[in-house]
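Peer 1: Here it is: the structure, laid out below.
All of the numbers you see were taken from the coordinates with simple rules; none came from a lab. In this text the structure is predicted, and so the values were computed from the model without any measurement. In this analysis, Cβ positions are derived from the backbone assuming ideal geometry, glycine residues included, and neighbour counts consider all displayed protein chains.
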Amino acid sequence: MKAITIVKHGAAEKAFEIRETAKPKPKPNEVLIKVDAFGLNYADVWARMGLYQDAPPLPAVVGYEVVGRIEETGSETNGLSIGQRVVAMTRFGGYAEYAVTDSRALAVIGDAAEAGEATALATQYCTAYYAAYEMVNLFEGDHVLIQAAAGGVGTALVQIAKNKGCIIYGTAGSDKKLEYLQRMGVDYPINYRKTDFKAEIEKISGKHCIDVVFDSLGGTTFKKGKQLLAHGGRIIGYGAAERDKGGIISGLKLLFGFGFFNPAFLLMNSKSIIGINMLRIADFKPETLKRCMEAVVKLYDEGIFKPHVGGRFKAEEIADAHNFLQSRKSVGKVVVEW
């Protein structure tokens, strides 16, 4: 089979090779999927740059999410059969014509689901669902700030918050993305490159007005979001895209940008800081992941979740796909098809 392999860390043009490799064999609790398409996530960019500690050693085949059909099942995969179309989260290995995954890390999806949309469900919509339904519970009228709201997870969070009747503040880095946020129904789209989002939100609604912050950027952005929290407020961190360079200095800058947390302050003001890493959920709470995956597909079938595919590439264009995602010009999901 063909697999897109990271052979060296660094620029996308030099990092990847498409190699012939053996088709993986599923373990008793796994299935083998013939991949039609896979999605890109910012963690893939980090892995390519050598900044992601969970990434496998080189040469590495990364990739978290695929859509395709089951070609082989392990002996302990009850209820699944060859030929079923599934969307799945993979523990790496998604950038290939065939991928294996735990049978609890997938959901059956109908043939009518468009492949690009389906890829967004496995990781990005699952992350959003876990954050908004499992870790916090949004209520009608809640003031919700979504950082990088035009991205894949951001799009999902906007749709969830909109469905819940929340008041939504969404940040993005271009006027084109603000138009996208307006079309989705974001109440207050904010261009963080032109405006201090914290000052702008305080101008709109006052200080300490945000009930829930969803943050994928980290660093100083996370710190400012924390300062906006109302009493009873929660900030959920699920990424650190503010760091886009390697090196110790860049890492330290990101780390110190978060600021220092005083547990007593959080306690006295009834505020919460929550971190999310879906890989850890997949590793240690696979039944939780399965529950989220099935719920996400159900909401997609009901028309509540409407993934937006903002970039489509062929496998041979993997470098272009990575550069497009890293440029911060992408809106919604970036997908690669075989």
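Peer 1: Near Lys329, which aspartates and glutamates are there with a Cα under 19 Å away, not counting those fewer than 8 places off in the same chain?
Peer 2: Glu13, Asp44, Glu117, Asp175, Glu179, Asp215, Glu242, Asp244, Glu317, Asp320
Peer 1: Can you give me the convex hull volume of the Cα atoms of the stretch 127-189, divided per residue and expressed in Å³?
Peer 2: Numbers: hull volume 3.9 nm³, N = 63.
Dividing the Cα hull volume of the stretch 127-189 by its residues yields 62 Å³.
Peer 1: Then there's this: Given only helices, namely DSSP H runs of n ≥ 4 each adding -39500 (n - 2.57), what is the per-residue ellipticity at 222 nm of the chain, to the nearest 500 deg cm²/dmol? Spell out each step's value before the answer.
Peer 2: Numbers: 13 runs with 111 residues, N = 338.
Mean residue ellipticity at 222 nm (helix-derived): -9000 deg cm²/dmol.
Peer 1: Along the principal axes of its C-alpha atoms, what lengths does the stretch 124-278 span, in descending order and rounded to whole Å?
Peer 2: That works out to 40, 37, 33 Å along the principal axes.
Peer 1: If you don't mind, another one. Running Debye on the chain with equal point scatterers at the Cα sites and no solvent, what base-10 log of I(q)/I(0) appears at q = 0.12 Å⁻¹?
Peer 2: Normalising to I(0) and taking log10 leaves -0.83.
Peer 1: Something else now. Based on Cα coordinates alone, diagonalise the gyration tensor for the stretch 81-212, multiply each eigenvalue by 5, take square roots, and list the semi-axes in whole Å, largest first.
Peer 2: Values: eigenvalues 220, 50, 32 Å².
The equivalent ellipsoid of the stretch 81-212 has semi-axes of 33, 16, 13 Å.
Peer 1: In bins 5 Å wide, starting from 0, what share of all Cα pairs of the stretch 150-238 does each bin hold, as a percent?
Peer 2: Computed distribution, short to long bins: 3, 14, 26, 29, 22, 6, 0.
Peer 1: If I take every Cα pair under 8 Å that is 6 or more residues apart in the stretch 124-278, average their sequence separation and divide by the length, what percent do I get for the relative contact order? All intermediate terms of the calculation are to be shown ahead of the outcome.
Peer 2: Numbers: 288 pairs, mean separation 29.6, N = 155.
For the stretch 124-278, the relative contact order is 19 percent.
Peer 1: Another one. Antiparallel as a % of all DSSP beta bridges within the chain, to the nearest 5? All intermediate terms of the calculation are to be shown ahead of the outcome.
Peer 2: Numbers: 30 of 56 bridges.
Of all bridge pairs located within the chain, approximately 55 percent are antiparallel.
Peer 1: Going by C-beta contacts inside 10 Å, put His231, His9 in order with the fewest on the left. Can you show the working numbers first?
Peer 2: Details: His231 10, His9 16.
Fewest-to-most Cβ neighbours within 10 Å comes out as His231, His9.
Peer 1: Straight-line reach from Lys203: which lysines have a Cα under 26 Å away, not including same-chain ones fewer than 8 places off?
Peer 2: Lys162, Lys164, Lys176, Lys177, Lys194, Lys223, Lys224, Lys226, Lys271
Peer 1: Now, a different point. Considering the convex hull of the alpha carbon atoms of the stretch 266-338, report its projected area averaged over all viewing directions, in nm², one decimal.
Peer 2: Numbers: hull surface 33.0 nm².
Computing the convex hull of the Cα atoms and averaging its projections yields 8.3 nm².
Peer 1: Separation of the stretch 77-99 and the stretch 1-73 by C-alpha centroid, Å?
Peer 2: A separation of 13 Å, based on Cα centres.
Peer 1: Springs between alpha-carbon atoms under 10 Å, Gaussian network over the chain: tell me which of Phe16, Phe261, Phe197 tops the mean-square fluctuations.
Peer 2: Taking springs between Cα atoms under 10 Å, the residue moving most is Phe261.
Peer 1: Could you calculate, for the stretch 21-95, the ratio of the Cα radius of gyration to the Kirkwood radius, expressed as Rg to Rh? Show your work: numbers first, answer last.
Peer 2: On the way: Rg = 13.3 Å, Rh = 13.2 Å.
When Rh is taken as the Kirkwood radius, the ratio is 1.01.
Peer 1: Tell me, what is the percent relative contact order of the chain, built from C-alpha pairs under 8 Å that lie six or more residues apart? Display every interim value, and only then the final one.
Peer 2: Details: 747 pairs, mean separation 60.5, N = 338.
This gives 18 percent for the chain.
Peer 1: Between Rg and the Kirkwood Rh of the stretch 43-145, both from Cα atoms, what is the Rg to Rh ratio?
Peer 2: Values: Rg = 16.0 Å, Rh = 15.5 Å.
Rounded to two decimals, Rg/Rh equals 1.03.
Peer 1: Whats the longest run of the chain with zero GluC sites (Glu not before Pro) that are DSSP loop and have at most 13 other Cβ atoms within 10 Å? Provide the component values of the computation, followed by the final result.
Peer 2: Working: sites that count: Glu76, Glu114, Glu140, Glu302.
Longest site-free region, per DSSP loop and neighbour criteria: 141-301.
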